[in-house]
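> Here you go, one structure.
The values are calculated or read from the model by the stated rules, or taken from the named source; none is laboratory data. Keep in mind that what you see is a predicted model, and the values were worked out from it rather than measured. All Cβ positions, glycine included, derive from the backbone under ideal geometry; neighbour counts span all protein chains shown.
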Amino acid sequence: MSQNKAKTPVEPAIWRCAVSSPLRRTFDYLPSEVCHGAAKPGARVIVPFGNRSVTAVILSITAESSVEPEKLKAATALLDEQPLYTDTQRALLSWAADYYQHPLGEVLPLGLSPRERRGQTERALTETGVRLTARGQGLPDSAPHRAPKQAALISRLRSGPLPLAELKADGFSPAVIRALKDHALVEDCELATKAAWKTRFPPLRANAEQQSAIDQIVAGAETFSVHLLYGVTGSGKTEVYLQSVADCLSRSRQALVLLPEIALTPQTLARFESRFEAPVIALHSGMGDAERDRAWAAARRGHAAVILGTRSSVFVPLLNPGLIIVDEEHDAAYAQQDGFRYSARDVAIKRAQLEHCPVVLGSATPSLESWHNAELGRFQRHSLTQRAGAGTLPALRQIDISGLELSAGLSPELLNNIETALEQRHQVLVFLNRRGFANALLCHDCGWSSDCADCDARMTLHKTPPGLHCHHCGRRSAVPRQCPRCQSRRLIGTGIGTQQTETFLAERFNDFPVIRIDSDTMTSRQSMPDLIEQLGNGDPVLMIGTQMLSKGHHFPHVTLVAVIDADGLLFSPDFRGEERLLQLLTQVGGRAGRDGTPGEVLIQTRHPDHPLMKHLDKPYHTALPALLSQRSQAGLPPHGALAVIRCDSQDRQEGLGFLSRIRNGVTAPRGAQIIGPLSAAMARRKNRYRSQLVVSAASRSMLAKVVADLIALAEAARHSHRLSWSVDIDPYESL
Ligand code: ADP
Ligand code: ZN
Ligand code: ZN
């Protein structure tokens, strides 16, 4: 054997790489000739792939490959001498690909900035510095004697590297610096050191509940722990975040704060910026690539102290993280619902484990998953039961509208309450989760309806500007004057949308401003801040809006919140329907009465006896045991694990046939079940047919195994290019 070894030269190292492709496997390459030797895992390389050249990431360097040596191709270039991924980032991304059973090559780019994804290098941070070389350090004091300016610079640098900009400002000319560089006495460097991070204002005096939460979060600062901060709306959760972050920064560690997109407003940013004398950066969808590149580098190099970001920021590289916060942890925005499907909340928990730091999940309406984990003692729960400052919690009351005559969806009792509130010069918020004027246009004579040509859905009637819009595929068309089928002119809108309610309310309460708030009116990032500013003087105003109103924003002068139609979600076929309704109603209610005046929330329903409706006047969490036991009986999360294999095809039969074939090839073990193929709730969307298999199992490991078996068959199955399929582990929606 040793003889054998002696004959062959040193075994060539093999680069095991992840390539961006739909295949769930790694690919081996020989090192490129021009860049052998120095490669490290986490570096990007250019490799031949099929007949293309693509960017790949080295996962490991091994001595053996299952591919025969003469068949291995060589990489063509090594892009990074130093790995671009931090070790934990690589571990996190690999875990995510594994857990969500998604190709690693498609997951890895989430850890890179836009320019790095394009194969370019990291963006340099603007702060370049100058430092002494070893030779410069060895120079005797006051040398070089004949060049006092150079000697002065060397003596300045003896205490450590300094920013180039600072040296220039202090009168050291570029010529002086260049002369020292020419003699290899100084060199450029990137400034890794930074000023100490400080908390600027003395924080608010935390109340006892806040203090207890802060103490417990801070106590385990250098170890992994999960904290569920259950605080009613306005109870001062953000203050708990701020004080926990202050502690984290005082240990020179970075804090990552995740927010749903809609909550990452300039106000939130300002609240963090004004508290800390340290760089606070925000990552959101409104940023340009260059800005994102810079933010990325600042996070990776440890220059950014606090990183506020939306869902995908959970993968941002961090030099030295010490705390992760997930605000509004129940929010659907944390679930990525196409392509690589993941839950940013769950990834954040995994990340905290890998980083050995605490993670705080905050919400006034925690998800059943998190609540269950707290009940089991896996998460530490901290409750904030009182509103901080002046606010009191509003009372929730239902109005039974069965059999009542409604005007634009509003009952006489509700209208009376609105009138009283406005006359008392209060602000009122009316909530209706449907945009447009009417759900659909119908022909009174022949029953024609405004169906979308590409979806199993009706097009919504809009009045301002007029048109029929499909809210599912974006298709638009003109409003017909007469029925396309029977030419009748008796076309009527059915189902009330925000535009209709707005029109009605504007007429009825014409002494007061009526403002509509939905994605048709709030079209820029600045719209909501502008509105909030406008409301700041407390003058009476009537607002009507969609669920956009239920999140994050504070409307301190609102004393009455009205929910026009709570029944939509009550009988939703989705397993989260009731949980979401409860969260929505509690959150909408939480917008009211923050300014000292007690608020009221009125909820219209035709099902006043539904258990959920009966619970509305009690604290949110008291409804959870019943919901959890329903889930337990049905074997649904958080009891038991769930996955969905989705298929999308141009031909309906091909999709169903494809899913049947893979389903029939897998035998589910005891405790697991494969259901389907079933058509999705909206079977046709954008002219594609959607169907799915639902996999449920008593344990995660069993689920993973069944899904892996299904994937193996799906990857091997023949299908046309007009069919695509995807995997959704822990789906937010099962339909
Ligand atoms: P949440 O994040 O739970 O909705 P916030 O942190 O935004 O609550 O707090 C709601 C309001 O109460 C804010 O105006 C905040 O400044 C104030 N507040 C929070 N904590 C305190 C405190 N300990 N003392 C006084 N006011 C507080
Ligand atoms: Zn007709
Ligand atoms: Zn459509």
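> Looking at region 468-507, which of the residues that are among the hydroxyl-bearing types (Ser, Thr, Tyr) and within 16 Å of ligand 2 (Cβ to nearest atom) is farthest from ASP445 (Cα to Cα)?
If we take residues in region 468-507 being among the hydroxyl-bearing types (Ser, Thr, Tyr) and within 16 Å of ligand 2 (Cβ to nearest atom), then THR494 is farthest from ASP445 (Cα to Cα).
> Same structure, new question: Do any strands (runs of 3 or more DSSP E) lying entirely in region 447-513 carry at least 3 residues that are modelled with pLDDT of 90 or more and under 32 Å from the mean Cα position of the chain (by Cα), and which ones are they?
460-463
> Filter region 433-446 for residues that are within 38 Å of the chain's Cα centre (by Cα) and either within 10 Å of ligand 2 (Cβ to nearest atom) or more than 26 Å from THR521 (Cβ to Cβ) (or both) and give the result.
Scanning region 433-446 gives no hits.
> Given the criteria in contact with a Leu (Cβ under 9 Å, 6 or more places away or on another chain), surrounded by fewer than 18 Cβ atoms within 10 Å (Cβ to Cβ) and either assigned to a loop (DSSP other than H, G, I, E, B) or at negative phi (or both), does ALA712 qualify?
no
> Any residue in region 183-195 that is closer than 26 Å to THR268 by Cα and either buried (at least 21 other Cβ atoms within 10 Å of the Cβ) or among the hydrophobic types (A, V, I, L, M, F, W, C) (or both)?
yes
> Further, regarding this structure: Answer yes or no as to whether VAL107 is touching a residue at least 12 places away in the same chain (Cβ under 8 Å), within 30 Å of ASP346 (Cα to Cα) and either among the β-branched types (Val, Ile, Thr) or surrounded by fewer than 12 Cβ atoms within 10 Å (Cβ to Cβ) (or both).
yes
> To continue, here is another question. Look at region 649-702 and say how many of its residues are free of Cβ contacts under 8 Å to residues at least 24 places away in the same chain and within 27 Å of the chain's Cα centre (by Cα).
1
> Would you pick out the residues in region 543-587 that are of a type in the set (Asp, Glu) and either more than 19 Å from ASP331 (Cβ to Cβ) or without any contact (Cβ under 8 Å) to a residue 60 or more places away in the chain (or both)?
ASP565, ASP567, GLU578
> Oh, and also: Tally up the residues in region 118-158 that are without any contact (Cβ under 8 Å) to a residue 60 or more places away in the chain and not in a loop (DSSP other than H, G, I, E, B), please.
Adding up the residues that qualify gives 17.
> If you don't mind, there's one more thing I want to ask. Condition check: farther than 27 Å from ASN320 by Cβ and modelled with pLDDT of 90 or more. Does TYR241 satisfy that?
Spelling it out, it is not the case that TYR241 is farther than 27 Å from ASN320 by Cβ and modelled with pLDDT of 90 or more.
> Another one. ALA263 versus (1) over 30 Å from GLN547 (Cβ atoms); (2) touching a residue at least 40 places away in the same chain (Cβ under 8 Å); (3) surrounded by fewer than 20 Cβ atoms within 10 Å (Cβ to Cβ): which is the lone unmet condition?
Failing condition for ALA263: (1).
> Consider GLN353 against the criteria (1) under 26 Å from GLN630 (Cα atoms); (2) surrounded by fewer than 19 Cβ atoms within 10 Å (Cβ to Cβ); (3) of a type in the set (S, T, N, Q): it satisfies all of them except one. Which criterion is unmet?
Status for GLN353: all satisfied but (1).
> Out of GLU261, GLU222, GLU277, GLU190, I need the residue that is closer than 17 Å to VAL359 by Cα, modelled with pLDDT under 90 and more than 16 Å from ligand 1 (Cβ to nearest atom). Which one?
GLU222
> Another question, then. Name the pairs whose Cβ atoms lie under 7 Å apart, with the first residue in region 208-224 and surrounded by 15 or more Cβ atoms within 10 Å (Cβ to Cβ), the second assigned to a loop (DSSP other than H, G, I, E, B) and hydrophobic (A, V, I, L, M, F, W, C), and 6 or more positions between them or separate chains?
ILE214/ALA206; PHE224/CYS357
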